[in-house]
Amino acid sequence: MKKIFNSGEHRYPHVKKSPIELIISIMILMLSFTNIFATQSLNNDLQQQITVTGTVTDDAQGDPLPGVNIVVKGTTIGALSDVTGRYSITVSDPNSVLVFTFIGYNTQEISLAGQRIADVKMVQSIEALQEVVVVGYGTTKKVNVIGSVAQVTSETIENRPVSSVSNVLTGQMTGVTVIQRSGKPGFDGGEIRIRGVGSFGATPSALILIDGIPGSMDEININDIESISVLKDASSAAIYGARAANGVILITTKKGKEGTVVSYNGYYGISTPTEFPDLAESWEYAEEYNVAVGLEAFSAEDIAKYKSQSDPDHFPNTDFLGHTFSRKGIQTGHDLSITGGRNSNRHFLSAGYLYDRGLVIKNDYKRYNFRLNLENDLSNKLTLTTRIAGSWEEANEPTTTANKSYETVEEIIQTALRFPAIYLGQASNGDFGEGPESGGTAYSWLASKSYIRRPTTKAGLNLRLDWKPVRDLVISALGGYNFAIAETRNYRASQRLTPTINLPTATLEQIKNSSAFKTMQFLAEYSRVFKGHDLNVLGGYSFEHQINENFDGKRIDFPSNDYTVMSMGGVNSQLVDGNDTEWAIQSFFSRVRYNYNQKYLFEFTLRHDGSSRFPPDEKYATFPSLAAGWRVSQENFFKEAVPWVSNLKLKASWGTLGNQNIGNYPYQSTLASGRDYPFGTGISTGAAYRTYRDPKIHWESTEVKDLGIESGFFDGKIILNVTYFDRFTRDILYTPGSSVSAVLGVGISETNTGEVKNSGWEFELGHQNTLNDFNYSIMGNFSIIKNEVVTLGLGNVNQPNGMVGNGSTLFIGYPMQMYYGYKSDGVFTSVDDIAEWADQSKVTPGPEPGDIRYMDLSGPEGVPDGKVDANYDRTYIGSQIPKYTFGLNLSAQYKQFDFSAFIQGVAGVSGLLENYVGFAFRNLGTIQQWQMDGRFDPDNPERYPDYPRLEIITNVGTPNTVSSDFWILNASYVRLKNLQVGYTLPKRILDAVRMSTLRVYLSAENLFSLNSYRQGWDPEINTGGAYYPILSTFTFGVNVKF
Amino acid sequence: MKTHRKVNNMIAGSLLLLILIGISSCSKELEQYPNNQFAKETFWTNESNAMIALTGVYRGNIVFNGTQVNPSDWWCYAGLILFEHATDNAFDRRGKNAAQNRLTNGTLLPDNAILGTLWNGSYIRIAICNDFLENIEPVEMDETTKKRMIAEVRFIRAAQYFYLSQFWGAVPLVTKTLTPNEANEQTKTPKADIVSFVIDELTEAAVDLPRCKDIPGSEFGRAPKQVALAFLGRIYMAEKRFTEASGVYKQIIDFGDNIIDPDYESIFNTSNETSAEIIFSVQYAAELAANGLTQHALPANKSGWHLVNPLENLAIEYDFSDGTPFSYSDPRFNSHNMGENRDPRFAASFLYDGRVFGGNVYDCHPDHASSIDQLTYSKQATRTGYGLRKFFDEDFSGSLLTGYGGNIPIIRYAEVLLSYLEAELEGGKPITQELLDMTINKIRQRESVQMPVINVTDPALLRPILRKERRIELALEGIRYWDLLRWGMLGEVMQGDFWGASFPDAIKTGSKTDPTGNKRWWVDNKAFRTGQDEVWPIPQSEQDINPNLRD
């Protein structure tokens, strides 16, 4: 591009400027103030010249804007604002129009109409707002981000009928894995892991902050969220040092804006399980049972009676599972918000309601949320931000009846899955079946007056005062207080099953947990731009403290199921219990960010944390990080060489982060209470040494290295980002129970032992374009994560098979959460086959045809020794951590229609269905269709059946159920997670009804998946039977704005 | 402008003050101690805390208020009564793959769940005992009380090593608190050393323990001198040191503190569980520390799970009431009321077809399909035609999981008497009628039993009589496996087919025809591997983590 200088005025062929030009312009302007260019003297040549001056400021912040390009419309005469935002321009026509342009701001035209002073407030453009990324203790322009920060904004996440925010993040961002293991109303949140699983000890959960205060994804109304930022690498997360090792998720709620907008969002959806197990009919069960026991436990006449259903009271065919999942789920939500305010007082007020009806009767969840966010400019230097939010929720579920132990809806589902169809549900005279375990079945429990009710009230107040004593400096004080009262009331009603079987001992248990969290934070931030140097220095202090109090009581023998409060229980055998816990963390932190011309970027962070969870000498630790970036695309040579590359940034960061997600009292040596024992007629208080504690326990730390390229092509029509990361965790706070011999005689508390490495690649590829009325975008993300145990420390035992590890769960060089067991080669087909195979009597004493044929991998000489045994022949057989995760977002708009599809999946992951789900006839359990179809058939022996020979299995298993690759499933899947079609009413119709937006949409969640998992089971479910299905939901919704 | 500056200065001042106050007041919250546990440094200071710790030693790893199939401790219903499933006395309803059954049916493997839980339970108690013994010395308290407490703890620790030595032989001998690294490097101590440790510890513990008669009712459940001696007797018996065994048993007898209770049935339930016959028992208490055996073993008509199924092999040991051996062909055998005309201990121990128990008729006839307790291979009901009667209070109607507080005996005086006779017999001492009368006949002549006296003094003839008496008297109390082990009879006994009750009039029969023609219900078959299964393998999980524990 050419730059034309004429008479001290700057003429440009185009009004649009690139940042590089801008920076050069600023530099030139700076020079002009040193009077090298004397503008006034140069104006003399021109006739009828009028000098117009003014100041350009930012509309929102009021800050002066340097480098704003000012052009007299229709001419090439131009000027730039100086560092104080002032400008001066000479016009020949007093009625000229000035055009103000500045990157990231809306272009503004001002008619002079004879005026000689024109102050302008520039308004940030919407596109530019999106370019701002929320980072720790502040925001930054996306172009200046050096770390790995992923952000989704409200548009991406709204209109998804989910109660937990975690589920909208699934597949949206590279390196962020969300696994949903349950669809239970109110408890369907996904497990979030950022860049693999960082620790086999301390909980590898990300730190979740809502407006700077720790919180949970399950309590916040999705429509209140402005943005969600995930800080993945060390440089961006290090400001949260002590708790940042597994990533930080920053949730920012919406703020008030000038001009009143009222929005309403509502939806109604119907859900069904994604997968439904197919269980045996009663006669099928009876037939297969006979095969399993090898004798006629059910006679041919009995089986005929089951088949004919002529006497269903005595020979029933009960569909326990169908009865339990008796209805479709309903998900509905309504949300109303008001955004508005004037200059100095802005507000956002919202109220939300969510109702989620479960598939099982008496199972539902409802939540009411409210939020008020206020921003008040108390003076031109003082701003107060007040955030008040609260929620009331109630989760209900059925439970078992009197004389049974307390069971949740998942456990009722487990018994429904487990109990064979030959057991009576309810007889024609109304009597209930006692079930195989006595005490009833899902039929009697669901019909009873038993209940579990969990009301929770949460409220939080978050105040922030920002004070600008001088220009460039902001001092802030933040105070937060959150409290929650979570209650569980579980009542197991008395019930008459039959005239002779009565379950009398009604029991009420009431548990109250209250927690109070308080925090205060002080921040000082200095930011200054001068001569292309952009410096931002932050210092801060934070203190957090939480107290939890638990209290619970129990009474039995309630005379009536209609009066279920404590005082109505019997006076004998009352129990009360209670406990308090407390933790605190204190931190000092600082950050320096610097860039030169937005071309060379640097960042340095240091945090010093002290936690109550560590002993006095080990309380404090320091977490540093460094990052550097180079925006190659800002270099002139680059622009000239490859003009079609619109953005190219190289970045690297390094840092150390901490983790303290462990119990509150890990180092204090104690005697555990509650070890009571009866002497005589009373019970004596007892305590005992039960846990080994490491008195020298200290922080777990993770060193993170991150290298990345961000690029954009053809004016951002195509983007490609690639990141490599390496997270190395040491001093893992592990409870090495399975790495310590039981001869120790006590449990073991966390101790610093072991190292884990997570490394991987993250790719993002996107394309967006507009063709006339049609615009579309495709965003794909793909992550590869390799998880590897580097050492266990304690538990590094040389195993006879050559692996080094604790012999059961962790081995050096293998991923955590791995499966360890035998490799198999189908099943034995005949007695001869058994004789020819290696001797596996140390695994399967007395093998029979149809038993799993385990492979002889090694022996004392390092080669197969003809014997299969636990010491030499077990090995790595799969990982529960997905190696590949990917997501693909497709969206398109055409005139009034919008469409979006979201496809997501994981690969390179193993799953396991165990116990009542994996094995037929386990502990009075039934059999599933896939087991019947796939079982070994002695009459037609097959080498590789889906299921070995049938046998009766107790809760400790059999030689066929020991861990082996026979049972390991490929849990990879591709899921059409969300599909949405919307229609926005045309403006002319809306104007007539004074609406600004009205959009209706149809959405389908978890619509369809491709996988090779077991028939009837969702690949995200790893269960032994106590589960809640993942749901497909079809929703109709509406978005309205006034 | 001036006021503005003032305001700003005030704000700045108060903000700074707030920051200073805030930061300075926070450090104390960083010092936290749990308040639901006792800090070790301040705990060992007085007698009442020592008593709290002693209570924790007695609790060991016992689980209350729930069911348990794999025993977490030797001294709980699963460690005692369910252990009978590994013998010819009873059968686990869950069938051949049940862990207890697999101890003796020829499929014992190092990953058997019971090996793991019993091993862990032993070392848990040992660690609690070691901690107690390491900390009790400096506590300022009454010296006699302290000595008694130390003796109790040493007895309990020695009892763990008694069990370990009997079933595993060579195991790590841990007598002090270990660190995790030390635990992972333990080696096996030879069985002989474990045995002599047990003998020494029990001998010394017995000195400081009070006698049964000196323990007040409020302390019932704490170890008396007699129990240390009785365990000493047990290990001498196992070691075939019969003279020493006789000596310790004679000591207990000579104390005269214990009795043979007139009523056999009631000493096993809540009505008479503190009888002077009970030397030591696991203490349970309703609702607070309940015994889950009710849920596990009551019949289905009482909403129980009927886990314990006595075998016919045991049932036929009970003679007719006149002392003649049981026979199916005898007209006194009544398949509809098998307790009729039998040794009264039969009815006190078993449920059988037609028996009225707790107001319900126990109907286990294989033809009675409508009965919840029908004998089948599929229902959650009997697999043998018998159920467990012993240990239950017939009138109990509370919660099966949390409502029953009946104790389970560990050592009864009856065992002491029978063991004394056995020690005399095996030790080659002359058998006199007087000896018989003070031992076996005292038991047979119990007021509620009244079986004819034994007058066989020929050792070879007396031995089977004594062993049969011992099996009947101590039936289902968890001692049979150890008896068979020390008699070297496991391999001989745990073989071939096992049967249930005889139902001469039944149409439905078991899946194998009874070769004796008595229409007994077939239960299972076993193939104990003699020479291999007598010594339990060290749990696989322990072998995985400590190579020293591998073979």
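The values are calculated or read from the model by the stated rules, or taken from the named source; none is laboratory data. Please read these numbers as outputs of a predicted model, since none were measured by experiment. Counting neighbours? That spans all protein chains shown, and the Cβs are built from the backbone with ideal geometry, glycine included. The accessibility values were calculated without ligands, DNA or RNA, using every heavy atom of the protein model including side chains. Shrake-Rupley method; radii C 1.70, N 1.55, O 1.52, S 1.80 Å.
Residues being more than 14 Å from chain A (Cβ to nearest Cβ), open to solvent by 20 Å² or more (accessible area, probe 1.4 Å) and not basic (Lys, Arg) are represented in segment B:214-233 by at least one member. The single residue among A:GLU375, A:GLU410 that is closer than 28 Å to A:GLY183 by Cα and away from every other protein chain (no Cβ under 11 Å) turns out to be A:GLU410. What are the pairs, 6+ residues apart or on separate chains, where a residue within segment A:761-775 that is assigned to a strand (DSSP E or B) has its Cβ under 9 Å from a residue that is among the aromatic types (Phe, Trp, Tyr) and open to solvent by 80 Å² or more (accessible area, probe 1.4 Å)? Partner pairs satisfying both residue conditions: A:PHE774/A:TYR894; A:ASN775/A:TYR894. Candidates A:LEU707, A:LEU744: the one that is aliphatic (A, V, I, L, M) and more than 27 Å from the chain's Cα centre (by Cα) is A:LEU744.
Just one residue in the set A:GLN634, A:GLN660 is at pLDDT below 90 and within 14 Å of chain B (Cβ to nearest Cβ); that residue is A:GLN660.
Selection of strands (runs of 3 or more DSSP E) fully inside segment A:596-702 by the criterion of at least 1 residues being in contact (Cβ under 8 Å) with a residue 12 or more places away in the chain, touching a Ser or Thr at 6+ places or on another chain (Cβ under 6 Å) and open to solvent by 50 Å² or more (accessible area, probe 1.4 Å) returns A:600-611.
A count restricted to segment B:5-48 and to residues that are modelled with pLDDT under 70, assigned to a helix (DSSP H, G or I) and under 60 Å from the mean Cα position of the chain (by Cα) stands at 3. Restricting attention to segment B:513-529 and to residues that are assigned to a loop (DSSP other than H, G, I, E, B) and surrounded by 15 or more Cβ atoms within 10 Å (Cβ to Cβ), the residue that is farthest from the other protein chains (Cβ to nearest Cβ) turns out to be B:ASN518. On the stretch given as segment A:769-821, residues that are more than 14 Å from chain B (Cβ to nearest Cβ), of a type in the set (A, V, I, L, M), open to solvent by less than 40 Å² (accessible area, probe 1.4 Å) and under 28 Å from A:ASP869 (Cβ atoms) total 3. Filtering segment B:275-297 to residues that are under 17 Å from B:CYS76 (Cα atoms) and part of a loop (DSSP other than H, G, I, E, B) leaves B:GLN283, B:TYR284, B:ALA286, B:GLU287, B:LEU288, B:ALA290, B:ASN291, B:GLY292. Can you say whether A:SER759 is at pLDDT below 90 and surrounded by fewer than 19 Cβ atoms within 10 Å (Cβ to Cβ), as far as the supplied structure shows? Considered against the rule, which asks whether it is at pLDDT below 90 and surrounded by fewer than 19 Cβ atoms within 10 Å (Cβ to Cβ), A:SER759 comes out as no.
Contact map, segment B:46-60: first residue more than 8 Å from chain A (Cβ to nearest Cβ) and of a type outside the set (A, V, I, L, M, F, W, C), second residue open to solvent by 10 Å² or more (accessible area, probe 1.4 Å) and assigned to a loop (DSSP other than H, G, I, E, B), Cβ cut-off under 6 Å, separation 6 or more or different chains; pairs are B:GLU47/B:MET141.
With respect to (1) within 14 Å of another protein chain (Cβ to nearest Cβ); (2) assigned to a loop (DSSP other than H, G, I, E, B), the lone exception for A:ASP552 is condition (2). Checked against (1) facing chain B (nearest Cβ under 9 Å); (2) buried (at least 17 other Cβ atoms within 10 Å of the Cβ), A:ASN572 passes all but a single condition, namely (2). Within segment A:260-306, if we keep just the residues that are away from chain B (no Cβ under 12 Å) and assigned to a loop (DSSP other than H, G, I, E, B), the residue that is nearest to A:GLY183 (Cα to Cα) turns out to be A:THR274. Do we have B:VAL69 as within 13 Å of chain A (Cβ to nearest Cβ), hydrophobic (A, V, I, L, M, F, W, C), within 30 Å of B:LEU549 (Cα to Cα) and open to solvent by 30 Å² or more (accessible area, probe 1.4 Å) here? In short, no. Taking the conditions exactly as written (surrounded by fewer than 16 Cβ atoms within 10 Å (Cβ to Cβ), within 30 Å of A:GLY780 (Cβ to Cβ), at pLDDT below 90 and more than 7 Å from chain B (Cβ to nearest Cβ)), does A:LYS717 satisfy them or not? It is true that A:LYS717 is surrounded by fewer than 16 Cβ atoms within 10 Å (Cβ to Cβ), within 30 Å of A:GLY780 (Cβ to Cβ), at pLDDT below 90 and more than 7 Å from chain B (Cβ to nearest Cβ). Being within 14 Å of chain B (Cβ to nearest Cβ) and closer than 23 Å to A:PHE966 by Cα is a description that does not apply to A:PHE828.
Within segment A:81-102, the set of residues being within 30 Å of A:LEU473 (Cβ to Cβ) and surrounded by fewer than 23 Cβ atoms within 10 Å (Cβ to Cβ) comprises A:ASP82, A:VAL83, A:THR84, A:GLY85, A:ARG86, A:SER88, A:THR101. Report yes if some residue within segment B:329-344 is under 26 Å from B:GLN100 (Cα atoms) and in contact (Cβ under 8 Å) with a residue 24 or more places away in the chain; otherwise report no. Within segment B:329-344, not a single residue is under 26 Å from B:GLN100 (Cα atoms) and in contact (Cβ under 8 Å) with a residue 24 or more places away in the chain. When B:PHE346, B:PHE350, B:PHE357 are screened for being open to solvent by less than 10 Å² (accessible area, probe 1.4 Å), closer than 20 Å to B:ASN301 by Cβ and modelled with pLDDT of 95 or more, only B:PHE350 passes. You will find that of A:GLN309, A:GLN331, the residue that is more than 13 Å from chain B (Cβ to nearest Cβ) and buried (at least 22 other Cβ atoms within 10 Å of the Cβ) is A:GLN331 and no other. Just to be sure before I move on: is B:SER321 open to solvent by 20 Å² or more (accessible area, probe 1.4 Å), away from chain A (no Cβ under 14 Å), of a type in the set (Ser, Thr, Tyr) and over 24 Å from B:GLY95 (Cβ atoms) in the structure I sent? So B:SER321 fits the description; yes. The set of residues in segment B:367-404 being touching a strand residue (DSSP E or B) at 6+ places or on another chain (Cβ under 9 Å), crowded, with 24+ Cβ neighbours inside 10 Å and within 14 Å of chain A (Cβ to nearest Cβ) consists of B:ASP373, B:LEU375, B:ALA381, B:THR382, B:ARG383, B:GLY387, B:SER399, B:THR402.
Candidates are the residues of segment B:491-508 that are open to solvent by 30 Å² or more (accessible area, probe 1.4 Å) and over 26 Å from B:GLY106 (Cβ atoms); the one that is farthest from the other protein chains (Cβ to nearest Cβ) is B:PRO504. Whether a residue is surrounded by fewer than 19 Cβ atoms within 10 Å (Cβ to Cβ), in contact (Cβ under 8 Å) with a residue 60 or more places away in the chain and among the hydrophobic types (A, V, I, L, M, F, W, C) was assessed, and B:LEU311 does not pass this test. Here A:ILE585 does not fit the description of being crowded, with 16+ Cβ neighbours inside 10 Å, of a type in the set (Val, Ile, Thr), over 30 Å from A:PRO695 (Cα atoms) and within 12 Å of chain B (Cβ to nearest Cβ).
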